[in-house]
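> There's a structure below that I have some questions on.
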Amino acid sequence: MAKESVLLFIITVLIIIPITGFANKTIQTTQRIIVIDPGHGGAGNGLVTSGGIKEKTIVLKLAQKIAQKLETSYNVILTRTQDVAISSKERMFTANKNAGDFFLSLHLNHSKEPACFFYYFEPPEPFKQSIIAPKNTWKSQPLLYQSESRQAVSSFLSIFKAHKKTTYFFSKGAPIILLEGATMPAILIEPLSILALPHQPEDIEPILDELSALIAKSINFYFEKKQ
Ligand SMILES: [Zn+2]
């Protein structure tokens with residue numbers, strides 16, 4: 001921080017603290033970096049309905065809508081902005097290289113219920129001992145962010161539970177390859193069932209609008225609780 005901004009920061013803190021008590025919420029010298037990872041792409045369609053709706057298309061649209069809602073408060077990076085195939089390592093490389101503060105992998109599920117699933121990385125049992133070995137940095141990194149990732153999941157859960165009525169919710173740690181190697185809190189969500197999507201593309205838009213608002217709200221809630 002330059003001297004002037006330090007001074008400005010101190011003055012602002014002094015002014016705001018007595019009034020609100022939440023100085024951190026109003027002062028951001030640098031924006032947080034959110035990396036959103038729309039699953040699949042290119043030849044990888046993900047789930048496909050009988051009507052030809054593809055998961056890769058829906059999650060990209062959803063990611064773009066979330067980004068629009070977050071971009072005034074955060075730096076938002078998408079791992080893909082087009083219909084291209086990228087490997088899971090490339091996705092995480094983008095996030096790590098950009099020093100993301102939060103990684104959100106987006107997928108759909110195939111549940112008969114309009115279910116929401118939330119996962120964070122948890123190594124499978126046999127690896128739990130070996131990942132402590134310092135040489136295995138790739139596998140040990142996510143462990144540093146286990147509890148924060150779990151907190152992020154619970155923030156999502158709170159917001160989704162508060163705003164939806166009939167949906168089945170589920171959250172757990174699992175050895176999700178797409179979250180492996182994250183040097184930041186990282187979660188994967190499946191906030192929508194592909195079976196719950198209407199056939200007409202124009203009818204899908206409002207569903208994604210509502211969902212993107214909930215996801216943006218969940219991210220805000222997570223960072224508010226961290227402060
Ligand atoms: Zn998927």
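The values are calculated or read from the model by the stated rules, or taken from the named source; none is laboratory data. These figures come from a predicted structure and were not determined experimentally. Every residue, glycine among them, receives a Cβ derived from its backbone with ideal geometry; neighbour counts consider all protein chains shown.
> Limited to segment 53-84, what total is found for residues that are of a type in the set (A, V, I, L, M), at pLDDT 95 or above and within 19 Å of residue 194 (Cβ to Cβ)?
6
For every residue, the table says whether it meets (1) surrounded by fewer than 20 Cβ atoms within 10 Å (Cβ to Cβ); (2) of a type outside the set (A, V, I, L, M, F, W, C).
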| residue | (1), (2) |
| --- | --- |
| 152 | no, no |
| 179 | no, no |
| 185 | no, yes |
| 201 | yes, yes |
| 215 | no, no |
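> Next up: Inside segment 185-203, can you point out the residues that are out of contact with any Cys (no Cβ under 9 Å at 6 or more places or on another chain) and at pLDDT 95 or above?
Listed by number, the residues that qualify are 185, 186, 187, 188.
> In addition: Out of segment 168-207, which residues are of a type in the set (Ser, Thr, Tyr) and within 13 Å of the ligand (Cβ to nearest atom)?
Of everything in segment 168-207, just one residue is of a type in the set (Ser, Thr, Tyr) and within 13 Å of the ligand (Cβ to nearest atom), namely 193.
> Sticking with this one: Could you grab me the full set of residues in segment 156-180 that are under 25 Å from residue 92 (Cβ atoms) and small (Gly, Ala, Ser)?
Those that are under 25 Å from residue 92 (Cβ atoms) and small (Gly, Ala, Ser): 171, 173, 174.
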